[in-house]
1. Among the numbered criteria (1) modelled with pLDDT of 75 or more; (2) closer than 30 Å to residue 34 by Cα, which one does residue 91 miss?
2. List pairs: first in the range 50-75 and closer than 23 Å to residue 23 by Cβ, second at pLDDT below 80 and exposed (fewer than 11 other Cβ atoms within 10 Å of the Cβ), Cβ under 6 Å, 6+ apart or cross-chain?
3. Out of curiosity, is residue 145 outside the structural domain of residue 31 (by TED's automatic domain parsing) and modelled with pLDDT under 90?
């Protein structure tokens, strides 16, 4: 799984073919081989992990220009108005994966055990707590006025 994801690095894209090659690498991260690990067997038991894979891509481009007029006193045909400008573009993408479950297979059946991300839970708790305290403080100040 990580070999596919680690194989995608920041790089310049100069041709449509290079862009398609990068897009194929990003989409390859969502294949079944990236979502489910190889089955590991030990005695009567076997286990594998399941991962959540997300792919995000974006791009943009723009350009502009300006017509430089002829100096005062000259006709525009004689001065040959000049058009200047430029443009550019860019894009990017990222693939991320994280384990979400362990599938255990044994003599008593199949069990799916979730992988609990305690850091994510703690961050969500403290973010919610700070938001609630901030809103209560604002409501109290408005009530006093």
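The values are calculated or read from the model by the stated rules, or taken from the named source; none is laboratory data. Owing to the predicted nature of the structure, the values given are computational and were not obtained by experimental measurement. Because the Cβ atoms are built from the backbone with ideal geometry, glycine has one as well, and the counts that use them run over all protein chains shown.
1. The one condition residue 91 does not meet is (1).
2. Pairs found: 61/89.
3. Answer is yes for this residue.
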